[in-house]
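Have a look at the structure below, then the notes.
The values are calculated or read from the model by the stated rules, or taken from the named source; none is laboratory data. Just so it is clear, the model here is predicted, and its values are computed rather than measured. Neighbour counts run over all protein chains shown; Cβ positions are idealised from the backbone, glycine included. Calculation scope for accessible area: heavy atoms of the full protein, side chains included, ligands and nucleic acids excluded. Shrake-Rupley method; radii C 1.70, N 1.55, O 1.52, S 1.80 Å.
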Amino acid sequence: MLSRREFGGGLAAAAAVRRRGSNHTAPAPPPVPANEPNLARILRTKRLRIAGLVGEEPYSYKDPATGQWSGFWVTMTRNLATQLGVEVTVVESSGPDLPADLQAGKIDLCYLSPTAQRGMFVDFADPLFYDTYAIVARQGFAPKSWAELDVAGSLVAVDIGSVREETARRFAGNAAITGFKTREEAMQAVQSGRADCFVATVFLALTALKKNPQLGELIVPTPHLRAAVCPGMPYDDDRRFRGVVDAWREDNRGIGQIREWIATSLGKFGVTPSDLPSDISD
């Protein structure tokens with residue numbers, strides 16, 4: 001017959017066995033590898049994190065009512081994610097913050113124009129497409145060239161920290177350039193007559209003018225300045241993700257799919273192929 005002490009000890013031993021068995025069935029998740037390559041992280045987490053820029057129609061924009069992201073950057077990334085068997089997560093960012101967000105590991109992919117300075121922090125793939133710099137000009141203001149715009153009497157509106165501001169200061173630095181917090185504020189300055197023009201790109205300008213024809217008119221100054229739009233990602237030693245993105249880009253450019261994605265997105269704003277200036281290259 002078991003003594004009270006032996007019985008109690010048996011219960012304690014049984015409880016210990018149950019605890020060990022419970023721990024065995026729910027092991028701790030393995031630690032995240034140090035310096036995990038970009039592609040390995042994306043495949044492990046099943047998430048491809050893309051930067052979303054609010055109010056950048058037709059590239060990327062967010063529906064304030066539903067929180068849903070759209071634009072051809074988002075459409076393109078969803079296709080890439082499908083090829084990888086992962087889901088897209090849109091992380092809200094801004095143009096000036098993109099390089100820092102990549103470097104900090106907040107996002108896996110964004111789309112922007114390359115410069116030598118950005119290249120120190122962003123691993124750029126080859127261009128997806130080329131946009132062209134243009135201006136949205138008030139009625140009666142019609143410079144034919146960047147040289148005509150680059151004079152002290154020109155009043156140029158820009159959105160602070162954007163690549164459009166960089167372009168304005170580079171090619172129209174003699175003009176009176178005023179920076180605004182958002183693109184919308186800069187274009188309102190043109191519509192109200194406080195600025196002569198807003199430096200944009202053709203895709204952006206056409207979308208804005210379809211939404212509000214009273215803003216002004218589209219002008220593509222000469223010489224035509226092309227804006228390369230490239231996928232950008234964090235640097236890593238592996239660089240397989242860069243190879244995947246370049247292969248995906250080349251495949252879809254070759255079959256005309258990138259052009260189709262852009263045309264479909266522009267069409268949602270009423271922009272048709274006939275609206276594109278005939279004397280610019282794509």
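Filtering the stretch 174-204 to residues that are in contact with a helix residue (DSSP H, G or I) (Cβ under 9 Å, 6 or more places away or on another chain) and within 28 Å of N252 (Cα to Cα) leaves A200, T201, F203, L204.
Taken together, the residues in the stretch 38-67 that are aliphatic (A, V, I, L, M), more than 18 Å from A100 (Cβ to Cβ) and in contact with a Leu (Cβ under 6 Å, 6 or more places away or on another chain) amount to 1.
Every condition in (1) modelled with pLDDT under 95; (2) hydroxyl-bearing (S, T, Y); (3) farther than 14 Å from A200 by Cα is met by S162 except one, and the failing one is (3).
Just to verify a result, which residue in the stretch 194-204, among those that are touching a Lys or Arg at 6+ places or on another chain (Cβ under 7 Å) and aliphatic (A, V, I, L, M), is surrounded by the fewest Cβ atoms within 10 Å (Cβ to Cβ)? Out of the qualifying residues, it is A200.
Would you confirm whether or not the stretch 264-272 contains a residue that is part of a helix (DSSP H, G or I) and within 17 Å of the chain's Cα centre (by Cα)?
Yes; the residues of the stretch 264-272 include at least one that is part of a helix (DSSP H, G or I) and within 17 Å of the chain's Cα centre (by Cα).
Restricting to the stretch 224-276, and then to whatever is acidic (D, E) and under 29 Å from T167 (Cα atoms), can you tell me which residue is surrounded by the fewest Cβ atoms within 10 Å (Cβ to Cβ)? Break it down into steps so the answer makes sense when it comes.
Looking only at the stretch 224-276, we keep the residues that are acidic (D, E), and these are 236-238, 246, 250-251, 260, 275.
Those left that are additionally under 29 Å from T167 (Cα atoms): 246, 250, 260, 275.
Numbers: D246: 13, E250: 11, E260: 13, D275: 15.
Top of the filtered list is E250.
I'd like the residue in the stretch 71-87 that is touching a Phe, Trp or Tyr at 6+ places or on another chain (Cβ under 7 Å) and open to solvent by 30 Å² or more (accessible area, probe 1.4 Å) and, out of all such residues, is nearest to C110 (Cα to Cα). Filtering the stretch 71-87 for residues that are touching a Phe, Trp or Tyr at 6+ places or on another chain (Cβ under 7 Å) and open to solvent by 30 Å² or more (accessible area, probe 1.4 Å), the one nearest to C110 (Cα to Cα) comes out as T75.
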